Amino acid sequence: MDTIPPATAPGSSTATLPPIRFETHPSRYKHWKLSFDGPIARLAMDVQEEQGLRPGYVLKLNSYDLGVDIELADAIQRLRFEHPEVRALVVESGKGRIFCSGANIYMLGLSSHAFKVNFCKFTNETRLGLEDYAAECGVRTIASLNGVCAGGGYELALACDEIVLQDDGNSAVSLPEVTLLGVLPGTGGLTRVVDKRKVRRDRADVFNTVAEGIKGRRAQEWGLVDAVVPASRFAATVQERAHKAAGQAAPHGRGGAGVALEPLGGTYTAQGLEHRHVRVSIEGRVATLTVRGPAEPPPADAATARKQAKDLWLWRCARELDDALLELRFNRLEVGLVVVKTEGSIDQVLAHDRFLAQHADKDWFLFEVRQQWKRTLKRLDLTARSLFALVEPGSCFAGTLLELALACDRTYMLDDPAKPCQVALSALNRGPYPMSNGLTRLATRFLGDAKALERAMGEDGPHDPQAALEAGLVTLAPDDIDYEDEVRIAVEERASLSPDALTGLEANLRFAGPETLETKIFGRLSAWQNWIFTRPNATGEMGALTLYGRPERPVFDWRRT
């Protein structure tokens, strides 16, 4: 069932378009072809020009829109769960003389500001997912560039372990956004060039201001690609590198039959969405996201977990939560505050956590389930919404589900002896779910206070309200007289504040501590794009992005700010 009123965006403010759905299947792919040859998988990008996600633009030159990236994200997910036999992945083009020309410029020109920023964020997460697949699963990834590779296309290549460029006088890599569009690479291109590939800063400066890009031996000498191969030997060389990579892979105990990603089958309405374990209810600018804990004990062993995968709470709940976060991000733009709740038994949640902690380092499928939670919790961290957690009678904020509260901007816990509620830790709060800064949410919370961190982690609990408050696991614990009014006032106040200011506030406060590739990508580039996308030099009537493909030249306000 899908009865959501049509969404506004990415077109003009008056356009009404159907909501975006993030579940798909290889049988429904329009733009990618996934094939297998023993331990080698090939993911070929063959974008169909007239099959854009929205009307009004043509996906020429293997350019992509959100629909193309939704398929890519699905393919990476299926490789992880359905094909544990894979040891090397080749990302290539299904078209001649071009790998990918990047994000479709006309799509960006037609899109609302919110859609552009959310699009950039999703593509960031997808490419980080590709890198996580290689790092965590021991699968070597190779970008096979048989032609022009520009903008977001090169950013996709940068997310791979190796980049092989065809040497034919035509093939080149480029990040032309500054030169042609007056914006920045939106999916981490700048950061990966200097932080990941360690390209010299002066060379990176040249590279990012040469619209036609860099080709041949210079691209290899500068570190922009790993190998340059003549066209006559290109296909054979990529195949040789893939076989070599597959032979050298060190997979995380991966083997045996894969586990199918079954459709979630949620119900979406104007009032929210309903999955088996995750519910979203929307009233005005406030959404209540409720996660239900497991009703049954965990499986007897890892083999049983694989057999019962489609109904395994640990896996299905993470997938449902991920879908709910994307639903809020793209289809419910007016929601400013998400109130996070849980329902169920703390004991059952902790039992499932113990099962996952016991088996995840031995069984590839349960390892992937744990990694799914890691990625979903990161998506929650990166949600541009205020997040308040409410710990109330019947809540089950424990272990993995306690991470939801730790990700929130505030946590309120009712302190009423007549209506007891508790929170609890598990082994999974102590490392398996790092944030983008590389720290756990507990370590980020107690940054610079080692004694407080040790105290919080020293006792699993369950903790009653006063113990949770003393341990720093909750923000406030009002009594039964004040709780409802305090929460109501906080919710009303938060929903009344500027969404722009709150997004900036939350992004600054959530990622304390060390800066990493991920925090740079999301913190710097997303903030810059948020600003640059609203400047007339890019998106004004005479801005570079607006006039792209037209004979007029952009008109810039030359004042630096």
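The values are calculated or read from the model by the stated rules, or taken from the named source; none is laboratory data. Since the structure is predicted, the reported quantities are computational estimates derived from the model, not experimental observations. Cβ atoms come from the backbone with ideal geometry, glycine included; neighbour counts cover every protein chain shown. SASA here: full protein model, heavy atoms, side chains in, ligands and nucleic acids out. Shrake-Rupley method; radii C 1.70, N 1.55, O 1.52, S 1.80 Å.
Numbers for the structure displayed
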| read-out | value |
| --- | --- |
| Within-12-Å neighbourhood charge of Trp528 [Cβ basis; K, R +1; D, E -1] | +2 |
| Dmax and Rg, reported as Rg then Dmax, of the chain (C-alpha, Å) | 23.9, 78 |
| Residue-normalised accessible area of the chain, expressed per residue, 1.4 Å probe, Å² | 41 Å² |
| Cut-off under 5 Å, modelled amide H: who pairs with Leu17 long-range | Ala7, Thr8, Ala9 |
| Mean Cβ neighbour count within 10 Å, used as a protection proxy, ranking 424-433, 185-194 highest first | 185-194, 424-433 |
| Three-way shape label, the stretch 342-461, alpha-carbon gyration tensor, a/c 1.5 | rounded |
| Protein-only accessible surface order, largest first, of Ser436, Ser345 at 1.4 Å | Ser345, Ser436 |
| Exposed GluC sites (Glu not before Pro) absent: longest stretch of the chain, with sites in DSSP loops and at most 14 other Cβ within 10 Å deemed exposed | 51-211 |
| Distant-in-sequence amide H partners of Ile98 (H built 1.01 Å from N, under 5 Å) | Val148 |
| Carbon and sulfur %, accessible surface of the chain computed with the full protein complex present, 1.4 Å | 52 percent |
| Theoretical gain in end-to-end length, His243 to Lys198 [0.36 nm per residue, Cα-Cα removed] | 13.5 nm |
| Calculated FRET efficiency for the pair Glu486/Met542, C-beta based, R₀ 51 Å, to 0.05 | 0.50 |
| Förster radius 25 Å - calculated FRET efficiency between Trp528 and Arg553, Cβ distance, rounded to 0.05 | 0.60 |
| Residue-wise HN-Hα coupling along the stretch 31-40, computed from phi with Karplus coefficients 6.51, -1.76, 1.60 (Hz; x: Gly, Pro) | 10, 10, 10, 10, 9, 9, 9, x, x, 10 |
| Within-11-Å neighbourhood charge of Val206 [Cβ basis; K, R +1; D, E -1] | +2 |
| Cα centroid of the stretch 151-194 to Cα centroid of the stretch 351-414, whole Å | 35 Å |
| Overall form of the stretch 456-521 per C-alpha gyration tensor (a/c, 1.5; a/b vs b/c) | oblate |
| Rough spin-label spacing in nm, given labels placed 7 Å along Cα→Cβ, for Lys362 and Arg535 | 5.6 nm |
| Long-range amide H partners of Met435 with built H, under 5 Å | Thr440, Arg441 |
| Computed [θ] at 222 nm, deg cm²/dmol, the chain (DSSP H ≥ 4; -39,500 (n - 2.57); rounded to nearest 500) | -11000 deg cm²/dmol |
| For the stretch 274-280, Karplus couplings with θ = phi - 60° (6.51, -1.76, 1.60), whole Hz, Gly/Pro x | 9, 10, 5, 10, 10, 10, 10 |
| Accessible-area order (highest first, 1.4 angstrom probe) of the listed residues Arg332, Arg559, Arg218 | Arg559, Arg218, Arg332 |
| Intensity falloff of the stretch 339-391 expressed as log10 I(q)/I(0), Debye formula with alpha-carbon point scatterers, at q = 0.21 Å⁻¹ | -0.93 |
| Tensor-based shape of the stretch 12-100 (alpha-carbon gyration tensor, a/c under 1.5 rounded, otherwise prolate or oblate) | oblate |
| Charge context of Cys137, other residues only, Cβ under 14 angstrom, K/R +1, D/E -1 | -1 |
| Over the stretch 50-116: Rg over Rh, Cα atoms, Kirkwood Rh | 1.05 |
| At least 18 Å along the helix axis (C-alpha) and Kyte average at least 0.0, DSSP helices within the chain | 66-82 |
